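The values are calculated or read from the model by the stated rules, or taken from the named source; none is laboratory data. Predicted model only: the values in this text are computed from it and were never measured. Positions of Cβ are generated from backbone atoms using ideal geometry, with glycine treated the same way; all protein chains shown enter the neighbour counts.
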């Protein structure tokens with residue numbers, strides 16, 4: 001093994017906790033209904049549905065943000081603006097608070113340090129936009145330990161398209177057979193990577209598996 005490629009959101013970056021903390025800070029500013037656990041769960045449903053539409057090319061990146069609001073605002077009893085500009089103004093309040101809650105998983109830095117001690121090149125492959133994903137890595141203190149950051153926006157391909165993994169391996173200067181992919185999404189981080197010729201391991205935090213364990217085992 002010569003390289004390890006990590007997914008970002010919910011693998012190195014604690015996306016779920018960051019979003020939940022942001023919602024708890026933002027929703028009360030709308031004067032809307034009390035933010036329950038069920039409403040938070042519905043936000044993630046709306047997020048996933050609209051983000052997948054962006055990955056499929058059916059929405060712009062800003063369009064998937066608007067789609068989230070169209071799905072979510074009625075659930076909290078807030079009127080949905082009739083214009084894109086109105087939706088963008090509301091979402092700006094979310095975006096303003098989001099970076100304040102960015103956080104890494106506790107095992108992220110130790111896993112990168114183990115990979116470096118192995119002499120491996122380190123990559124990140126993430127379905128997201130270049131600017132925000134790089135900003136996350138910088139904010140959580142991991143950017144200087146990563147050799148290549150590949151995003152679906154930058155590559156023109158998203159996981160699980162084989163090109164996404166192959167282009168990332170090319171950028172790292174390794175053959176796919178020399179790379180290990182690690183991520184929380186079984187389809188996009190494991191099955192897709194293996195189909196492209198990489199080794200891959202599923203990060204199942206609910207089962208008590210840690211990033212450090214997977215890197216050491218790799």
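Here are a few things to note about the model shown:
- Within the range 159-191, the set of residues being surrounded by 22 or more Cβ atoms within 10 Å (Cβ to Cβ), in a helix (DSSP H, G or I) and touching a helix residue (DSSP H, G or I) at 6+ places or on another chain (Cβ under 7 Å) comprises 164, 165, 169.
- A count restricted to the range 122-148 and to residues that are under 13 Å from the mean Cα position of the chain (by Cα), surrounded by fewer than 19 Cβ atoms within 10 Å (Cβ to Cβ) and not in a helix (DSSP H, G or I) stands at 1.
- Among the residues of the range 91-102, those identified as in contact with a helix residue (DSSP H, G or I) (Cβ under 6 Å, 6 or more places away or on another chain) and touching a residue at least 60 places away in the same chain (Cβ under 8 Å) are 93, 94, 97, 98, 101, 102.
- For the residues 78, 98, the requirement of being at pLDDT 95 or above and either assigned to a helix (DSSP H, G or I) or surrounded by 13 or more Cβ atoms within 10 Å (Cβ to Cβ) (or both) singles out 98.
- Condition met for residue 80 (in contact with a helix residue (DSSP H, G or I) (Cβ under 6 Å, 6 or more places away or on another chain) and outside the structural domain of residue 170 (by TED's automatic domain parsing)): yes
- Residue in the range 122-145 that is outside the structural domain of residue 52 (by TED's automatic domain parsing), closer than 30 Å to residue 101 by Cα, free of Cβ contacts under 8 Å to residues at least 24 places away in the same chain and touching a helix residue (DSSP H, G or I) at 6+ places or on another chain (Cβ under 6 Å) present: yes
- Every residue from the range 162-195 that is closer than 24 Å to residue 14 by Cα and out of contact with any strand residue (DSSP E or B) (no Cβ under 9 Å at 6 or more places or on another chain): 187, 188
- Which numbered condition residue 58 misses (of (1) exposed (fewer than 13 other Cβ atoms within 10 Å of the Cβ); (2) in a helix (DSSP H, G or I)): (2)
- Filtering the range 30-48 to residues that are assigned to a helix (DSSP H, G or I) and closer than 16 Å to residue 87 by Cβ leaves 30, 43, 46, 47.
- Residues that are surrounded by 15 or more Cβ atoms within 10 Å (Cβ to Cβ) and over 19 Å from residue 160 (Cα atoms) were ranked within the range 44-55; the one that is nearest to the chain's Cα centre (by Cα) is 44.
- Residue within the range 202-210 that is assigned to a strand (DSSP E or B) and under 18 Å from residue 116 (Cα atoms) present: no
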